[in-house]
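Presented below is the structure to which this report refers.
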Amino acid sequence: MIKLRPVFWLLLPAVGVIFVFGAIPLLISLVYSFLTANPYGGVAMPPTFSSYVQMLFDQDFDGSLVFMPDYIWIAVRSLYLALLTTMLSLAVGFPVAWYIVCQSPNRRKVLLTLVSLPFWINTLIRTYCWILILRDEGLINGFLKWLGIIQHPLPLLYNQGAILLGLVYTFLPFMVLPIYATLERLDPRLIEAAYDLYANRWQLFRRVIWPLTKPGIAAGTVLVFAPALGAFLQPDLLGGGKQLLIGSLIEMQFTSSRNWPFGAALSMLVTFAVLVALAWQSRRSKAGAEARA
Amino acid sequence: MKAQNLLLACGLTAGLLAALPLAQPAQAADAGVLHIFNWTDYTSPELLKKFTKETGIKVTLDTYDSNETLLAKLKAGTTGYDLVVVSDDFVKIFVNQNLLEKVDASQMPNFKNLEPRWQKRDWDPTAEYTVPWQWGTTSFTYDTKVYPQPVDSLGTLFKPPSVFKGQVGMFGSPSEVINLALLYQGYPLCDTDPDQLKATLALLEAQKPFVKLYNSDGIIDRLTSGEVTMSEQWSGDAERARMAKHSLRYVFAKEGGVGWMDNLAIPVGAPDVANAKKFINFMMDPENAAIESNFAGYQNAVAGSNKYLQPALASAPEFNPPADYKIVFSPGCNAKATKDFDRIWTLLRK
């Protein structure tokens, strides 16, 4: 009889949650992506690779199979926006996290609450609020007109910039919080030591702070990149639905196009991209650890 | 140490991640409460109050923005809704997919109140599954202050004059946009002819620089605030928009308009079929149908409801198309047409 260590029972709930909410839906998507589309939604037999073929070759109106690079372009555009979102979040999030860490413990609590405050309101509502701020008759254009700076409203809404703003706004806390967590545990004596050894501010940041906060930056990067890649609310509402991103494309397959297997296959593509990003990250951090050893 | 930090950082944010509303929770079915699932801005609160007052049955309302969303939700499994509203071209699809409960509306006491032409509808000839909710036409509205010239053609929407550059709103659903474009070109709705579909894609691509956004929600607000100066629209929304901004005009084009009727139905697996049927009968009462029309600004199918309508509504131009106006109902697109429409919709926004 196998005797299980108590730690097994302690881990069981966590493993169970990961399995039920993580692994099972992913497996269902994987299986669906290899099935045939039911024209009225859902999936049917027989198994096929056609969803993956469709990413490159699609049926033209006359039924002939033609090369279609457009899905690839949509994927590349989504990747580009997700990367840009991640970099902007890092550029804004790091100084914010640094600023919070430098405050007194009481102020830190207040500031951290403020960072997570947006999550108390539904994402959809907050995205609609951006429409009210950015639109032609909205707050910003109204204010600039009132000041007399502009005569005609600036096109702030329904373009890629608006999508980017929406994505950075939504996912910024996911960057701030993990960086804050690592900065908070940073030993201030190391900073003093660096100054004692005549490091200037840049050297201090580059050689001491950055390497020590890398785990937080890595976590933040993944937590922002992954949801930004699959987002469909911001492109549809703030982008005006004029340019498809992969998230909207997936949503479309499950609603109007009624092509669930293709939607599942596209989800697999997104999952694959995130896995590649994770693998790259872990290789880099391993290589970094070895270089220092 | 590093890995531990990473874990800690992830742990701190995991709680937040869980709080992010990524999916809508399904409705929990609670006894004695009727769950209605209807289009956005489309259910009179006064009507629901009256129903609760007369029957003691509480009502909750959820909304959706396209037939496709409704179909996807019902296909995905039981949603806990007792009543849904399905458009004419989707009724057959829902019935064929066994998503609707038989209600045999013709046996209900109030069925005789329906106008004879709506007692037999092509998509549900014996009223086995549905009763009419509201009906109207799909065309477009423009601001006469922006464009004072006379407009009598869908061409103004699809090949807009330069004053509308970047100012046009189109619906966010492929079937609504493409079917109206087909009608404009004189092609049948749910067309599958390759050349005609290519022409339609070219037409919509040429229109795109004039389009500000593709979205079916919030059109009234965008038209009245001047955010868009021309928009594809349903007749009743057009009436509400014109009430708020008098320079708006809804066009009965010479090419005709796409007719539609939404139909009240009970989804299979509804927790409270008996009360849902009570609501269906309640809706075929002239006074109740008028309350809904007064709110949504669409025609209902109940004879004798006119005397309960607000006078402004009874005489509204959007409500009374000219006698020779061609109204075309969609037959419901087959799988090939759906695939082609999807291709147009993707290529248009690639």
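Readers should treat all values here as calculations from the given coordinates under stated rules, not as data from a laboratory. Remember, it's a predicted structure, so these values are computed and weren't measured experimentally. When we count neighbours, we look across all protein chains shown, and the Cβ atoms used for this are built from the backbone with ideal geometry, even at glycine.
For the reader, a short list of remarks on this structure follows.
- Across chain A, C-alpha contacts under 8 Å between residues 6 or more apart give a mean separation that, scaled by the residue count, equals a relative contact order of 26 percent.
- A Förster radius of 41 Å, combined with the Cβ-Cβ distance separating B:M243 from B:F111, puts the computed FRET efficiency at roughly 0.80.
- A:K286 paired with B:Q196, simple spin-label distance in nm, labels 7 Å along Cα-to-beta-carbon: 6.0 nm
- Nitroxide proxy distance, nm - points 7 Å out along Cα→Cβ at A:R5 and A:A199: 3.7 nm
- For region B:167-282, the Kirkwood estimate of hydrodynamic radius, built from reciprocal distances between every pair of different alpha carbons, is 16.6 Å.
- Exposure proxy ranking, count of Cβ atoms within 10 Å, fewest first, for A:Y128, A:Y99: A:Y99, A:Y128
- Hydrodynamic radius of region B:197-350 per Kirkwood, over alpha carbon pairs, in Å: 18.5 Å
- Estimated 222 nm signal from helices in chain B, with DSSP H stretches of n ≥ 4 weighted -39500 (n - 2.57), rounded to 500: -11500 deg cm²/dmol
- Binned Cα-Cα distance frequencies in region B:82-125 - 5 Å width, integer %: 5, 18, 27, 29, 17, 4
- Magnitude of the charge dipole, region B:39-118, Cβ model with Lys/Arg +1 and Asp/Glu -1, debye to 20: 260 debye
- Normalising the Debye intensity of region A:1-126 to I(0), with uniform scatterers on Cα atoms only, and taking log10 at q = 0.10, 0.15, 0.18 Å⁻¹ returns -0.75, -1.06, -1.13.
- Contact order relative to length of region A:1-100, as percent, for alpha carbon pairs under 8 angstrom and 6 or more apart: 11 percent
- Chain B: relative contact order as a whole-number percent, Cα under 8 Å and 6+ apart: 26 percent
- Positive dipole terminus of region A:95-173, leading residue within A:Y169, A:Y99, A:Q151 (C-beta point charges): A:Y99
- Highest-fluctuation residue, B:Y250, B:Y129, B:Y214 considered, GNM on chain B with Cα pairs under 10 Å: B:Y214
- Pair A:F49, A:I133: separation of 7 Å Cα→Cβ label points (nm): 4.8 nm
- Per-residue Cβ neighbour counts within 10 Å put B:M243, B:M170 in the sequence B:M243, B:M170, beginning with the fewest.
- Too-long pairs where the Cα-Cα distance tops 32 Å, listed order kept, from A:K242/B:K245; A:K145/A:K242; B:K278/B:K336; B:K102/B:K254: B:K278/B:K336; B:K102/B:K254
- Computed E for A:R189/A:N122 - FRET, C-beta separation, R0 45 angstrom, nearest 0.05: 0.55
- With the charge dipole of the protein assembly as shown set up from +1 on Lys and Arg Cβ and -1 on Asp and Glu Cβ about the Cα centre, the Cα lying farthest toward the positive end among the listed residues A:F8, B:G56, A:L245 is that of A:F8.
- Percent of Cα pairs exceeding the 43 Å cut-off, where the set is the protein assembly as shown: 32 percent
- For the protein assembly as shown, size of Cβ-based charge dipole, Lys and Arg +1, Asp and Glu -1, in debye: 2620 debye
- Gain in span if fully extended, B:L347 to B:A206, counting 0.36 nm per residue against the direct Cα distance: 49.5 nm
- Eligible lysines near A:K286 by straight Cα distance, threshold 24 Å, same-chain separation 8 or greater: A:K214, B:K2
- Within a Gaussian network of chain A (alpha carbon springs, distance under 10 Å), most fluctuating of A:F143, A:F171, A:F94: A:F143
- For the pair region A:172-240 / region B:239-293, the C-alpha centres are spaced 53 Å from each other.
- Cβ-based net charge around B:T63, under 10 Å, with every Lys or Arg adding one and every Asp or Glu removing one: -4
- Fluctuation leader among A:I74, A:I140, A:I18 - chain A, Gaussian network, Cα springs under 10 angstrom: A:I18
- Counted by Cβ distance under 9 Å from B:W123, the other residues give a net charge of -2, where Lys and Arg count +1 and Asp and Glu count -1.
- Ordering B:C190, B:C333, A:C102 by the number of other Cβ atoms within 10 Å of each residue's own Cβ, fewest first, gives A:C102, B:C190, B:C333.
- Rg(Cα)/(2.2 N^0.38 Å) for region A:124-247, N = residue count: 1.48
- Cα lying deepest toward the dipole's positive end in region B:124-199, options B:Q149, B:V177, B:Y129, charges on Cβ: B:Q149
- Net charge contributed by nearby residues that have their C-beta within less than 14 Å of A:I246 (K/R +1, D/E -1): 0
- B:T126-A:Y99 FRET efficiency (beta carbon distance; Förster radius 56 Å; 0.05 resolution): 0.20
- Helical contribution to [θ] at 222 nm, DSSP H n ≥ 4, -39,500 (n - 2.57), averaged over chain A, rounded to 500: -21500 deg cm²/dmol
- Straight-distance crosslink candidates among aspartates and glutamates, where the alpha carbon sits under 16 Å from B:K120 and sequence neighbours closer than 8 are dropped: B:D88, B:D89, B:D104, B:E128, B:D262
- Evaluated over region A:97-189, the Cα radius of gyration and Dmax, each in Å: 17.6, 55
- Dipole check for region B:271-346: with +1 at the C-beta of Lys and Arg, -1 at the C-beta of Asp and Glu, and the Cα centre as origin, the magnitude is about 260 Debye.
- D by Stokes-Einstein for chain B, Kirkwood Rh over Cα pairs, 25 °C, 0.890 mPa s: 113 µm²/s.
- Mean projection of the Cα convex hull over all viewing directions, computed for chain A: 24.9 nm².
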